[in-house]
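Note sheet for the following structure.
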Amino acid sequence: MRLDPRLGGAAALRLLLAAHVVAAFEPITVGIAIGAASALTGYLSYKDLYCRFAECCRSERPLNASALKQDLEEKLFGQHLATEVILKALTGFKNNKNPKKPLTLSLHGWAGTGKNFVSQIVAENLHPKGLKSNFVHLFVSTLHFPHEQHIKLYQDQLQKWIRGNVSACAGSVFIFDEMDKLHPGVIDAIKPFLDYYEQIDGVSYRKAIFIFLSNAGGDLITKTALDFWRAGRKREDIQLKDLEAVLSVGVFNNKHSGLWHSGLIDRNLIDYFIPFLPLEYRHVKMCVRAEMRARGSAIDEDVVTRVAEEMTFFPKDEKIYSDKGCKTVQSRLDFY
């Protein structure tokens, strides 16, 4: 007797959902149910069918470099260095079938310059659910590691958490926010995972990605940007070589940095120190327009100007850079 294809699809879905309910208790049942569903539909493999209804780790999934480039260029303002370095670093890493170590990026700059936004863009381009993905893990220093007296406990928990998640998905992404507020020593617990080891206790970490976000080094970045401006040079002339070395040394010697005297820097395990430049008035206006578009509102240039002019700028005499970047644009726009 020939099954109605529509009936087969419905039956497959019911079996899959039933399997999902018992997955935590009877893994064999999951295999039987999904296998039966696959037989009913006639063309889907176990993994293909399961991944239609649940998020799957696709470590070998190629990076759409064009989509990432478009996201960075259209959504990130005033950060030519970050756009260029992140695009090249991720593309090169994902195209390498056998990387020698995990990709480790350290993003630095004042609040509101786009560090968190970039980590969100990167996450979304690596895993479709972005920050909501089961394979993207966000740690906030003041939330997850608040007490200095518990550093050893945090180190142990961090190692177990990373080991477990990389075991489940080799292409896991780990984001550490507020690194400048992290107690020194905590992050060194993950040093073995970032090193050039093929495996540690049977687990390979080479396809994972680690991203650190920090305000530390913001003063060094601003000084360089100001030096260029005062010399009559464009901010777009600033190159990574103008900042990366001084940034890594400055962060290493900064007692208010989670990377203070860190083995991650000492062992050269951070692949790129990426500077986020302070934002100018024109960049703040770009942020206002982008927020209006995100809300589905028509662009009102009068409102754009008023919101931008409400921001405060520094240095005191030149007033070139927004002291909060674009951080308060959303709340200020609520008044209009």
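The values are calculated or read from the model by the stated rules, or taken from the named source; none is laboratory data. Nothing here was measured: the structure is a model prediction, and the numbers come from that model. Backbone-built Cβ (ideal geometry, glycine too); neighbour counts: all protein chains shown. Please note that ligands, DNA and RNA were not included when accessible areas were found on the heavy atoms of the full protein model with its side chains. Shrake-Rupley method; radii C 1.70, N 1.55, O 1.52, S 1.80 Å.
Structure notes:
- So E84, is it under 19 Å from L279 (Cα atoms), at pLDDT 95 or above, over 15 Å from the mean Cα position of the chain (by Cα) and open to solvent by 40 Å² or more (accessible area, probe 1.4 Å): yes
- Residue under evaluation F93, criteria (1) of a type outside the set (G, A, S); (2) free of Cβ contacts under 8 Å to residues at least 60 places away in the same chain; (3) assigned to a helix (DSSP H, G or I), criterion not met: (2)
- Residue identified as crowded, with 17+ Cβ neighbours inside 10 Å, more than 16 Å from the chain's Cα centre (by Cα) and not aromatic (F, W, Y) among G92, G112, G78: G78
So that you can scan it fast, the table gives a plain yes or no per residue for (1) within 17 Å of S106 (Cβ to Cβ); (2) of a type outside the set (A, V, I, L, M):
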site	(1), (2)
S248	yes, yes
H256	yes, yes
L269	yes, no
K285	no, yes
R295	no, yes
I299	no, no
V329	no, no
R332	no, yes
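- Residue count, segment 287-302 (criterion: without any contact (Cβ under 8 Å) to a residue 60 or more places away in the chain and either in contact with a Cys (Cβ under 8 Å, 6 or more places away or on another chain) or in a helix (DSSP H, G or I) (or both)): 8
- Segment 268-303, residues that are charged (D, E, K, R), under 26 Å from I86 (Cβ atoms) and open to solvent by 70 Å² or more (accessible area, probe 1.4 Å): R282, R293
- Flag not set for G263, criterion: at positive phi and either surrounded by fewer than 20 Cβ atoms within 10 Å (Cβ to Cβ) or over 22 Å from the mean Cα position of the chain (by Cα) (or both).
- Those residues of segment 207-235 which are part of a loop (DSSP other than H, G, I, E, B) and either under 22 Å from L259 (Cβ atoms) or free of Cβ contacts under 8 Å to residues at least 12 places away in the same chain (or both), in sequence order: A208, N215, A216, G217, A231, G232, R233, K234
- I274 passes every criterion in (1) at positive phi; (2) assigned to a strand (DSSP E or B) apart from (1).
- Tallying residues that are basic (K, R) and more than 16 Å from P275 (Cα to Cα) within segment 105-140 yields 2.
- Selection of segment 163-179 for residues being assigned to a helix (DSSP H, G or I) and either surrounded by 21 or more Cβ atoms within 10 Å (Cβ to Cβ) or not assigned by the TED database to the domain that holds L105 (or both) yields V166, M179.
- Residues of segment 304-331 satisfying the condition of being in a helix (DSSP H, G or I) and surrounded by fewer than 18 Cβ atoms within 10 Å (Cβ to Cβ): T305, R306, E309, E310, Q330, S331
- Restricting P128, P99 to those that are modelled with pLDDT under 95, in a loop (DSSP other than H, G, I, E, B) and not small (G, A, S) reduces the list to P128.
- Checked against (1) surrounded by fewer than 18 Cβ atoms within 10 Å (Cβ to Cβ); (2) touching a residue at least 24 places away in the same chain (Cβ under 8 Å), I238 meets all criteria but (1).
Yes or no, residue by residue, for (1) hydrophobic (A, V, I, L, M, F, W, C); (2) at pLDDT below 95; (3) assigned by the TED database to the domain that holds S141:
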{"site": "A231", "(1), (2), (3)": "yes, no, yes"}
{"site": "D237", "(1), (2), (3)": "no, no, yes"}
{"site": "V246", "(1), (2), (3)": "yes, yes, yes"}
{"site": "G250", "(1), (2), (3)": "no, yes, yes"}
{"site": "G258", "(1), (2), (3)": "no, yes, yes"}
{"site": "I270", "(1), (2), (3)": "yes, no, yes"}
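- Within segment 131-155, considering residues that are part of a helix (DSSP H, G or I) and touching a strand residue (DSSP E or B) at 6+ places or on another chain (Cβ under 8 Å), the one farthest from A54 (Cα to Cα): S141
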